[in-house]
Every structure is written in structure tokens, then in C-alpha cells.
Amino acid sequence: DYTKQVNDNNQFKAGLLLLHNQLKIRAFSESNKDTWRREQLYDRSPLSLAAYVQDKLEYEGFIANIGLRLEVNSPNAPVYLLDPFDPTYGQGLGSDLEESADQEDAASFVTLSPRLGISHPITNRSKLYFNYGHFHSEPASTYRFRLQRESNGRVMSIGNPNMKLEQTIAYELGYSHSIQDIYLINVATYYKDVSNQPGWVTYTSVGGAVNYSTPENISYADIRGIEFTLSKLSGDWLTGFLNFTYMVNTSGYFGLRRYYQD
């Protein structure tokens, strides 16, 4: 991170983040009667890069943070080029999936996330504020890289390295009021639009020889609410806060969560 106070009104910040994970998965589960065993054995090394720039503008109590974040995400993993009901996923064949199936490199994703925060004084004891931003997050590793098989080779679940990044667009509007520099009243309303959430989808072939789950970007959510907070900021014996929040969460799926071969 780099910070520079350019002048009385502008503070510039910039930063760079490089993240390289090395995943070595050696996991299994089995029955106590040795009737079945499932295992996950794979190595993956995803790579991500993020950079941001931000200007903090201050003028007579008015403060605005304006920023932009760039993210590049590379799963660095193969995508198997198979029909959803390909027999390769079935018993006996799934054990050599990595060698027998055609494959290509997973796509890399580039995202731009604008951020804006404004604090505007109304009086010497109160202010209005507004926050807006786009936020992206990688799917959990199990959604992208998982490869779980039965002891007979049948694939039970397989990750999807081409999953899009989950996106949240968030808005917040609030009002703060100080009482005698001891108490602070804050009222805030907010809304979050969440898209590209992962969800498991199951594919079953005729006869059931192929029956596995894989994640897709099929889930969404809308979150909205209002919260009231009363804080006691100073005191010889007691400080703290009281909060009441009312929130409504709506969520659902696009498409189907299970497909049977026609």
C-alpha cells in the first residue's frame, strides 16, 4: 500500500495484492463396514491479483472517498470437455478422468469494482453519509476444484473452475447525530444485490450409471434493511451501544437444480 497527502484537500492511496495458493488435497471418507469409500485427491495452485487507487477528498467537513479496484483471477486448473452425461463420469471410467478426457485451461476473470463513500455535515453535531460499491469474491475452492470419487471410480462431485466471481452491489444511506459528545444516534438503510452465487446441480443419466453434482452460478439474493444504533461513546463506568435491525432477505435460483438424461 502507498499513501500520499497531495495537498490539504486530497489524500491519494494505491495498493497491489498478489495471492498464490497451493492446495494439496488428500481427503477421504469410508464406511465402518468397508462397503464404500470416497476420496478427493488433487493439487491446484490458483492465482489472483488485485490493484486499487483511491482519492480521499476533504473540504470543510465534507469527505468523499472515490476509488476503483481491479481484480484478475486465474483458477489455473483444467476444464474437462465432456458431455454432462458422458460415461467417463461413471463406474470404472471415472478413476482415470484426468488422463482420458480432453481438457482445456479454465478461463481467467477480470473485474472492475467502483467504490464511493460520502460524508456530508449538516450541523456541527450531525451528518448524512452514503456508501456505494461493487464487491467480488472467489468461489470457495471446493466449488472450483473438488473431484470426489467412489472407490469404484464413479465421480460423485466435480468442481467447475469456470465459475464466475460472486458479485455484490451494495448501497447504504445513513444519518448520524451526536448528543453532548457522549451519545451518538445512527440510522442507516441499506440494500445489497448479490448475484452469481454458487449452487450444486445434479446430473443423472438413464439407468443412473452417471450421477454426480457440479456447481454453477445459479443463485441470487436481495438483502435490504434498516438499523438504529444508540452508542454511549464515553463515561467513567459504562460505555456501549444498543442496536435494532430489521432486515428482509429474498433468495432463489435460476434454472434447475437436477437434470435427468432424456
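Only helices enter the 222 nm calculation for the chain: every DSSP H run of n ≥ 4 contributes -39,500 (n - 2.57), and dividing by all residues gives -500 deg cm²/dmol, rounded to 500. With Cα atoms defining each centre, segment 44-72 and segment 112-183 are spaced 14 Å apart in the structure.
Evaluated with a Cβ-only charge set (Lys, Arg +1; Asp, Glu -1), the chain carries a dipole of roughly 580 debye about its Cα centre, given to the nearest 20. Rg to Rh ratio, the chain, alpha-carbon atoms and Kirkwood radius? Using only Cα positions, Rg/Rh for the chain is 1.12.
Excluding same-chain residues fewer than 8 positions from LYS4, which aspartates and glutamates have a Cα within less than 15 Å of its Cα? Correct list for LYS4: ASP55, GLU58. A Stokes-Einstein calculation at 10 °C with viscosity 1.306 mPa s, built on the Kirkwood radius of segment 9-126 over Cα pairs, returns a diffusion coefficient of 82 µm²/s.
These residues, MET156, MET247, go from largest to smallest accessible area, 1.4 Å probe, as MET247, MET156. Sorting the Cα pairs of segment 111-214 by distance into bins of 10 Å, from 0 upward, gives 13, 26, 19, 16, 13, 9, 4, 1 percent per bin.
Each Cα pair under 8 Å and six or more residues apart adds its sequence gap; the mean of these over the residue count of the chain is a relative contact order of 14 percent. Entry for segment 86-153 at q = 0.15, 0.17, 0.28 Å⁻¹: log10 I(q)/I(0) = -0.74, -0.84, -1.23, Debye formula applied to identical alpha-carbon scatterers, no solvent contribution.
The values are calculated or read from the model by the stated rules, or taken from the named source; none is laboratory data. Just so it is clear, the model here is predicted, and its values are computed rather than measured. So basically every Cβ, Gly included, is an ideal-geometry build from the backbone, and we count neighbours across all protein chains shown. The area values use the complete protein model at the heavy-atom level, side chains included, leaving out ligands, DNA and RNA. Shrake-Rupley method; radii C 1.70, N 1.55, O 1.52, S 1.80 Å.
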